[in-house]
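One structure is given here, and the rest of the page talks about it.
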Amino acid sequence: MKKSRLLIMLLIAAMVFLLPLTGCSKQSESEEPADAAAETEAEAETEEGSVIDYMVLVNQKNPLPDGWEEALETTTITNSVGDEVYVESKAYEAYCRLKEAVEKDLEGYEKGEVRLELDSAYRSVAAQQKIVDDFTEKYGEDYVKKYVAVPGYSEHHTGLALDLYFTIDGKDVYENEDLVQYPDIWDAIHARLPEFGFILRFPEDGEAITGYAYEPWHIRYLDSPEIAKEITDKGITLEEYLGQ
């Protein structure tokens with residue numbers, strides 16, 4: 001009897017211990033409503049009755065809408081380098097499905113096992129200012145003007161913009177200058193984006209419109225695979241799609 005009770009207690013303890021480690025894999029396996037695949041609306045109401053517009057345009061000319069942060073609901077995760085990342089909750093669920101698909105596509109990658117990770121998503125205005133300061137010191141003002149948004153005008157304030165990185169055989173490929181050395185991995189990631197409602201936000205030929213140089217790691221959630229596919233297939237930017 002004591003052995004049986006001990007075994008049960010050990011099993012329960014093991015389940016509790018493993019639960020936080022499952023992350024995306026746990027969420028991706030949860031049940032969804034029968035009509036979840038058909039949901040393509042650009043807006044979703046929060047518990048407080050506020051509205052998140054998944055097609056919102058935040059760029060160098062359009063600041064974060066008033067009241068956005070009060071309406072935002074986020075999920076918090078810890079990435080492979082130990083940083084906490086906050087993501088709009090629906091965007092995070094879509095990212096988990098993207099991660100699963102990409103990692104499956106990259107099975108057998110010649111340089112080792114690839115695991116997709118989140119570098120950052122939601123950033124407060126204060127956090128954005130710190131990035132401006134840090135990157136100015138590290139890379140210089142010219143780099144910051146090309147790659148880093150002015151605080152208050154960063155798409156990351158929405159929680160819908162995700163910066164990605166990856167690990168190869170458990171080794172973090174994290175710095176921007178290292179990430180660009182793997183175009184084959186980015187090709188695999190970008191090919192899957194529309195399927196899960198994401199677009200590549202700053203494409204190679206879009207700097208004149210977006211104001212930012214090519215960033216293979218910066219993706220944007222739109223909550224609509226159909227719109228994401230249209231934007232991707234046409235090779236246009238979000239600004240062009242919205243007629244801005």
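Tabulated data for the structure shown
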item: Unmet requirement for ALA161, which otherwise passes all of (1) within 20 Å of ASN59 (Cβ to Cβ); (2) over 15 Å from the mean Cα position of the chain (by Cα); (3) of a type outside the set (D, E, K, R); result: (2)
item: LYS130 being surrounded by fewer than 16 Cβ atoms within 10 Å (Cβ to Cβ) and out of contact with any Phe, Trp or Tyr (no Cβ under 7 Å at 6 or more places or on another chain); result: yes
item: Odd one out for THR76, checked against (1) β-branched (Val, Ile, Thr); (2) modelled with pLDDT of 50 or more; (3) in contact with a helix residue (DSSP H, G or I) (Cβ under 8 Å, 6 or more places away or on another chain); result: (3)
item: Restricting the stretch 65-100 to residues that are in contact with a Phe, Trp or Tyr (Cβ under 9 Å, 6 or more places away or on another chain), among the small types (Gly, Ala, Ser) and part of a helix (DSSP H, G or I), the residue that is nearest to LEU162 (Cα to Cα); result: ALA91
item: Filter result for ASP172 (surrounded by fewer than 20 Cβ atoms within 10 Å (Cβ to Cβ) and assigned to a strand (DSSP E or B)); result: yes
item: Selected residue [in a strand (DSSP E or B) and under 21 Å from SER124 (Cα atoms)] from TYR153, TYR165; result: TYR165
item: Per-region count, the stretch 175-191, residues surrounded by fewer than 16 Cβ atoms within 10 Å (Cβ to Cβ) and aliphatic (A, V, I, L, M); result: 2
item: Test for LEU242: is it touching a residue at least 12 places away in the same chain (Cβ under 8 Å), under 25 Å from TYR153 (Cβ atoms), in contact with a Leu (Cβ under 9 Å, 6 or more places away or on another chain) and surrounded by fewer than 20 Cβ atoms within 10 Å (Cβ to Cβ); result: yes
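The values are calculated or read from the model by the stated rules, or taken from the named source; none is laboratory data. All of these numbers come straight from a predicted model, not from anything done at the bench. Neighbour counts are summed over all protein chains in view; Cβ atoms, including those assigned to glycine, are modelled from backbone coordinates with ideal geometry.
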